[in-house]
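Heads up: the structure comes next, in structure tokens.
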Amino acid sequence: MAKTTSLFVCGECGAQTRQFFGRCSSCGSWNSLVEQVAPAAADQRRRRPVAAPDAAQAPAQARRSEPIAAVGERPLQRLASGYGELDRVLGGGLVPGSLVLLGGDPGIGKSTLLLQSARAMAARTSVLYVSAEESAQQVKLRWRRLAEADRSGPAAPDVCQGAVPDQADLQLLSETDLELVLQELESLRPAVAIIDSIQALHDGELSSAPGSVAQVRECAAALARIAKRQHTALLLVGHVTKEGMLAGPKVLEHLVDAVLTFEGDRFASHRLLRAVKNRFGATHELGVFEMRDRGLAEVSNPSELFLGGEEPSSGTATIVACEGTRPLVVELQALVSTTSYASPRRSATGIAVNRLHQILAVLEKHLGLPLSRFDCYLAVAGGLEVEEPAADLGVAAAVVASYRDLTLPPGTVLIGELGLGGQLRPVSQLELRLGEAARLGFTRAVVPRGSGLAPVAAGLGLQLLEAGSIAEALVAALGVNPADDRP
Ligand code: TYD
Ligand code: MG
């Protein structure tokens with residue numbers, strides 16, 4: 001038998017050495033080298049010498065490549081996962097033979113999501129659920145709870161309701177040994193296999209502990225080979241490490257076709273599913289779920305989740321953020337109060353604090369508001385993270401409204417990026433955003449000048465207020481000039 005030799009691979013940069021070092025010699029990170037089995041030399045494929053270009057004598061060699069035009073096109077038959085939200089993030093459903101990694105913090109609901117989805121898929125196709133973390137009994141208990149929810153409540157997705165017979169084709173395997181999992185995959189040849197989680201699997205050939213970079217990489221690669229060969233769609237669960245990376249850093253992301261992350265606030269019940277990478281669809285799509293006492297439910301109208309819903313109060317502004325192709329109407333709240341510290345406090349939840357600093361500086365400089373003498377707190381309702389600059393105008397309006405103790409007229413949304421010179425810059429997908437605002441009953445939208453969308457807005461029943469600068473936009477939104485009558 002060929003001798004296997006060890007190789008040490010850096011988990012951070014991927015450098016390989018034959019010897020163990022405490023510190024990677026190429027990237028300098030500490031304790032990042034992990035052992036891996038190097039393929040024995042005899043196994044390594046050697047390239048055959050290319051035949052002499054004497055075509056007359058040599059028998060025509062079978063060509064492996066073909067013109068791209070000649071490659072047959074097979075329509076992708078996607079499998080519906082049972083959740084419209086999950087399908088959207090996957091790009092329209094699960095592609096057979098694809099590898100999907102679902103990452104997220106422990107306890108966020110990855111197992112619940114996949115088990116519920118397995119229930120729905122098992123009604124139509126064969127599914128293998130490998131639970132490496134929980135015993136078969138535990139999974140069965142959860143399955144029972146979800147089944148009861150299906151029967152009794154609206155918490156379950158509509159597609160599953162009543163459609164899942166108890167004897168659906170769902171096989172359960174509670175196992176951590178990679179070899180046994182592979183054998184089961186080969187003998188069952190399921191259409192979908194779920195591995196929960198990849199970090200709990202263990203390859204006996206490697207000496208390193210389960211969950212280490214080497215183990216994760218080897219296990220995932222072995223599973224991927226089989227899945228591709230027999231056209232099994234593979235869903236891998238991966239935990240996020242302390243640093244917020246999918247373990248091991250980036251090794252899995254290269255291997256899989258799609259990386260989804262499941263995130264949410266520990267204190268809020270909604271969960272957001274995003275695609276970070278997707279070979280079969282767009283990334284930055286967003287799926288929204290809500291964790292109920294009996295499993296995850298889809299939220300098909302997420303804007304309602306992020307709207308405060310109370311009476312309008314001073315210091316609130318409504319924006320339309322875009323997550324991928326999905327517009328979300330979100331409420332922002334600002335509190336501006338006289339500081340009692342040497343340097344004023346600034347804090348922001350759901351928006352980068354540097355962005356807030358920048359907007360405050362623009363307001364101070366271009367509207368002459370003495371905000372450096374005031375504390376300023378900003379929060380996005382519902383715990384959503386808003387990263388895009390299109391929220392700038394909303395932040396500025398909320399701050400000014402709180403500072404001047406004004407209430408924005410109800411039914412107004414604010415969309416626009418703020419330049420350092422106080423000008424309002426255009427944003428992407430404005431039409432989509434206006435559509436969502438109109439759908440939720442908003443009647444006025446303040447947007448950057450030159451959008452050319454006045455006819456569209458009129459059709460939607462929205463009053464479109466265009467502004468070229470922050471001062472103009474605030475006059476349009478609040479009806480008074482915030483720069484006059486300084487308190
Ligand atoms: P789980 O899917 O086990 O998380 P992960 O696999 O990502 O670690 O979800 C665990 C949490 O979800 C747990 O804290 C309890 C909660 N939960 C509910 O609130 N309702 C339910 O119906 C289920 C099954 C779980
Ligand atoms: Mg789990």
Kindly establish whether Leu335 is farther than 30 Å from Ser111 by Cβ, surrounded by fewer than 18 Cβ atoms within 10 Å (Cβ to Cβ), modelled with pLDDT under 85 and among the aliphatic types (A, V, I, L, M). no
Leu296 meets each of (1) within 16 Å of ligand 2 (Cβ to nearest atom); (2) free of Cβ contacts under 8 Å to residues at least 60 places away in the same chain with one exception, condition (2)
Restricting attention to region 99-120, the residues that are over 13 Å from the mean Cα position of the chain (by Cα), within 10 Å of ligand 1 (Cβ to nearest atom), part of a helix (DSSP H, G or I) and of a type outside the set (A, V, I, L, M, F, W, C) number exactly 3
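Matching residues to (1) surrounded by 15 or more Cβ atoms within 10 Å (Cβ to Cβ); (2) within 25 Å of the chain's Cα centre (by Cα):
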residue: Pro312; (1), (2): yes, no
residue: Ile319; (1), (2): yes, yes
residue: Thr325; (1), (2): no, yes
residue: Arg345; (1), (2): no, no
residue: Ile351; (1), (2): yes, yes
residue: Leu360; (1), (2): yes, no
Over region 257-273, the set of residues part of a strand (DSSP E or B) and either without any contact (Cβ under 8 Å) to a residue 60 or more places away in the chain or within 23 Å of Ala120 (Cα to Cα) (or both) is Ala258, Val259, Leu260, Thr261, Phe262, Glu263, His270, Arg271, Leu272, Leu273
Selection from region 198-250 of residues outside any helix (DSSP H, G or I), surrounded by 24 or more Cβ atoms within 10 Å (Cβ to Cβ), at pLDDT 75 or above and within 16 Å of ligand 2 (Cβ to nearest atom) yields Leu201, Leu235, Leu236, Val237, Gly238
Of Val336, Val276, Val329, the only residue that is farther than 30 Å from Ser469 by Cβ, β-branched (Val, Ile, Thr) and assigned to a strand (DSSP E or B) is Val276
Picking from Asp405, Asp375, Asp392, the residue that is farther than 26 Å from Glu323 by Cα and out of contact with any Pro (no Cβ under 6 Å at 6 or more places or on another chain) would be Asp405
Here the qualifying pairs (Cβ atoms under 8 Å; residues six or more apart or on different chains; first in region 85-98 and in contact (Cβ under 8 Å) with a residue 24 or more places away in the chain and surrounded by fewer than 24 Cβ atoms within 10 Å (Cβ to Cβ); second charged (D, E, K, R) and not in a loop (DSSP other than H, G, I, E, B)) come out as Gly97/Lys228
Within region 194-213, the count of residues that are of a type in the set (A, V, I, L, M, F, W, C) and either over 29 Å from the mean Cα position of the chain (by Cα) or on the phi > 0 side of the Ramachandran plot (or both) comes to 1
The correct count of residues that are in a loop (DSSP other than H, G, I, E, B) and closer than 20 Å to Ala398 by Cα in region 442-456 is 2
- Look at Thr261 and say whether it is polar (S, T, N, Q), closer than 11 Å to Val89 by Cβ and modelled with pLDDT of 85 or more. yes
When region 284-310 is checked residue by residue, the ones that are assigned to a loop (DSSP other than H, G, I, E, B) and surrounded by 16 or more Cβ atoms within 10 Å (Cβ to Cβ) are Glu285, Arg294, Val299, Leu307
Return a yes/no flag: does region 71-80 have any residue that is modelled with pLDDT of 75 or more, away from ligand 1 (no atom under 12 Å from the Cβ), not polar (S, T, N, Q) and not in a loop (DSSP other than H, G, I, E, B). yes
For Asp158, the lone unmet condition from (1) away from ligand 1 (no atom under 15 Å from the Cβ); (2) modelled with pLDDT of 90 or more; (3) farther than 21 Å from Thr232 by Cβ is (2)
Filter region 121-147 for residues that are out of contact with any helix residue (DSSP H, G or I) (no Cβ under 7 Å at 6 or more places or on another chain), touching a residue at least 60 places away in the same chain (Cβ under 8 Å) and in a helix (DSSP H, G or I); the one that is farthest from ligand 2 (Cβ to nearest atom) is Met121
Reported set for region 165-197 where residues are surrounded by fewer than 21 Cβ atoms within 10 Å (Cβ to Cβ) and among the charged types (D, E, K, R) is Asp166, Asp169, Glu175, Asp177, Glu179, Glu184, Glu186, Arg189
Scanning region 172-192 for residues that are in contact with a helix residue (DSSP H, G or I) (Cβ under 7 Å, 6 or more places away or on another chain), within 17 Å of Leu114 (Cα to Cα) and either more than 16 Å from ligand 2 (Cβ to nearest atom) or free of Cβ contacts under 8 Å to residues at least 24 places away in the same chain (or both) gives Val192
Contact list, first residue from region 440-456 and over 26 Å from Gly422 (Cα atoms) and touching a residue at least 60 places away in the same chain (Cβ under 8 Å), second anywhere and surrounded by 19 or more Cβ atoms within 10 Å (Cβ to Cβ) and of a type in the set (S, T, N, Q), beta-carbon distance below 6 Å, six or more apart or interchain, is Leu440/Ser303
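The values are calculated or read from the model by the stated rules, or taken from the named source; none is laboratory data. The structure presented is a predicted model; accordingly, all values stated were derived computationally and were not measured. For neighbour counting, all protein chains shown are included, and Cβ atoms are generated from backbone atoms with ideal geometry for every residue, glycine included.
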